[in-house]
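In what follows, a structure is listed as structure tokens, so that the remarks can point back to it.
Read the figures in this text as sums done on the coordinates, not as results from a lab. A quick note: this is a predicted structure, and the numbers were derived from the prediction, not measured. Neighbour counts are summed over all protein chains in view; Cβ atoms, including those assigned to glycine, are modelled from backbone coordinates with ideal geometry.
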Amino acid sequence: MLPIARKAKIKEIIAEKKNVTVAELTQLFGLTEETIRRDLKQLEQEGFLTRIYGGAYINDGVLNDVDVNLREHIYVEGKRKIAEKCVEFIQHGVSVFLDASTTSLYIARMLDNRRITVVTNSIKIVNALIDNPNVHLIATGGSISRSSMSALGRGALQSLGSYFFDLAFISCRSLSRQHGVTDSNEQQAEVRRLAAERANRTYLVADITKFDRTSFAHICGFDKIHTLVVDKPPGAEWREFLQEQNVELVECES
């Protein structure tokens, strides 16, 4: 296949899936990783996609559900700052829900010696906390999604419905003053919605790239959110809106 035809096919794939790994493309085309990375670099220079470690993605579309192994390499610094701030809210003895977001994974890795109960539907968080003797760890049931490495569906909701939490940390794909908190994955949205309903205090964690966008599935309105933790200031309009909604805004950078 000629390079121009190959890049056209890559465009077609990523336009449909919204993200792709280098490994997928090398297997599909039978080429070296170096060749595929060169193709992705050229497509990035054209403004079609954004390269990250191990692959590439695009932001367009309400159904943009990026693979968790790629998400771990997107906006890493912002997510770490948010996680560091969130850990400050977690005291000994509390029960915490951590969703299947990469920010929640960073939170889990920073818990250190806190004696707490953690409920999660994330396999990666389970793996991160399994050897922590201070954490009483509960994994929800459900059907396993390989792309998000999490438990979803009816089993996850039934399992989650058995618990109440002092704190819930949930993420999202998009935030809109008009449409609320939304996600690209309907089943993930259902888990996050229920977690917010079962928590005494719900923290929404969102880096600045998620603002003023709308995704496929509604998670909740801002009436279900107590605190919004962001990496960078969202602007005066958002501050005013959140104040009207009685949502506390915590900025990691001012």
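Annotations
- Highest mobility in the GNM of the chain, judged by mean-square fluctuation with C-alpha springs under 10 Å and restricted to Ile13, Ile225, Ile170, is found for Ile13.
- Value at 222 nm in deg cm²/dmol, rounded to 500, when DSSP H runs of n ≥ 4 in the chain each add -39,500 (n - 2.57): -11000 deg cm²/dmol
- Short-range pairs are left out: with C-alpha atoms under 8 Å and at least six residues apart, the relative contact order of the chain is 14 percent.
- Fraction of beta bridges assigned by DSSP in the chain that are antiparallel (%, nearest 5): 40 percent
- GNM top mover of Ser147, Ser174, Ser122 - the chain, alpha-carbon springs below 10 Å: Ser147
- In sequence order, calculated HN-Hα J values of segment 244-250 (Karplus, 6.51, -1.76, 1.60; Hz; x Gly/Pro): 5, 8, 6, 9, 5, 10, 10
- Counting only alpha carbon atoms, the long axis of helix 33-45 and the longest principal axis of the chain meet at about 80°.
- Cα-based equivalent ellipsoid of the chain: semi-axis lengths in Å, sorted from largest, via gyration tensor: 32, 21, 17
- Cα-based radius of gyration for segment 1-45, normalised by 2.2 N^0.38 Å, reads 1.01.
- Extension gain from Glu24 to Asp112, taking 0.36 nm per residue of separation minus the Cα-Cα distance: 28.1 nm
- Using 0.36 nm per residue and subtracting the Cα-Cα separation, the extra length available between Lys41 and Asp223 on full extension is 61.3 nm.
- Comparing Cα centroids, segment 74-96 and segment 204-252 end up 16 angstrom apart.
- Springs join every pair of Cα atoms under 10 Å in this Gaussian network model of the chain, and among Thr26, Thr140, Thr227 the largest mean-square fluctuation is at Thr26.
- The ranking of Arg239, Arg109 from fewest to most other beta carbons within 10 Å of each one's beta carbon is Arg239, Arg109.
- Ordering of 213-220, 47-54 by packing is 213-220, 47-54, highest average first (other Cβ atoms within 10 Å, averaged per residue).
- Centre separation in Å (Cα based) which lies between segment 12-60 and segment 107-184: 29 Å
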